[in-house]
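Visitor: One structure is given below, represented as C-alpha cells, and several questions about it will come after.
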Amino acid sequence: MSTETKKALLKHRQIVSIDSDQFDEHKTAPIIGVTVRCLQNWRALRKGPRYLKVGRLVRYPRAEIEAFLARQLIETEGSSD
C-alpha cells in the first residue's frame, strides 16, 4: 500500500471517528424534543444548541447537545445537586 493511500485511509478514519460523535438535524431534533424546522429556525436566529457548519453541512456535536439540555434545567426549591 502506498504512503498516499495510507494517509488517505488515516484521514478517512479520523473523519469517521469525529463524525460518529456528531448528529445531523434529523437525529438532533428528537433528542431535544423539537422539530427539524425548529432547529433550522433557531440556527437562523442564532438560538438553540451550538453547531458546526462546513459549507452546507450542519452537525451538532454530542457535547453541545448535552450542554444545551443542561442549560434548560430549571432549579426548584426542593432540588438537590
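Visitor: Using 0.36 nm times the number of residues separating E66 and L52, minus their current alpha carbon distance, what extension gain do you get?
Guide: 3.5 nm
Visitor: Please report I31, I65 as a ranked list, fewest other C-beta atoms within 10 angstrom at the top and most at the bottom.
Guide: Fewest-to-most Cβ neighbours within 10 Å comes out as I31, I65.
Visitor: Quick check on the exposure proxy: order L39, L57 from fewest to most C-beta atoms within 10 angstrom.
Guide: L57, L39
Visitor: Listing T28, T76 from the residue with the fewest other Cβ atoms within 10 Å to the one with the most, what is the order?
Guide: Lowest to highest Cβ neighbour count: T76, T28.
Visitor: Please sort by residue number the trypsin sites (Lys or Arg not before Pro) in the range 46-78 whose DSSP state is loop and whose Cβ has at most 11 other Cβ atoms within 10 Å.
Guide: Hits after loop and neighbour filter: R46, K47, R56.
Visitor: Moving on. I need the shape label for the range 23-71. Rule: rounded when a/c is under 1.5, else prolate if a/b > b/c, else oblate, with a, b, c from the alpha carbon gyration tensor.
Guide: Verdict is rounded for the range 23-71.
Where a number appears in this text, it was derived from the coordinates with a stated rule and is not lab data. From a predicted model like this one, the values you see are computed outputs, not experimental measurements. Backbone-built Cβ (ideal geometry, glycine too); neighbour counts: all protein chains shown.
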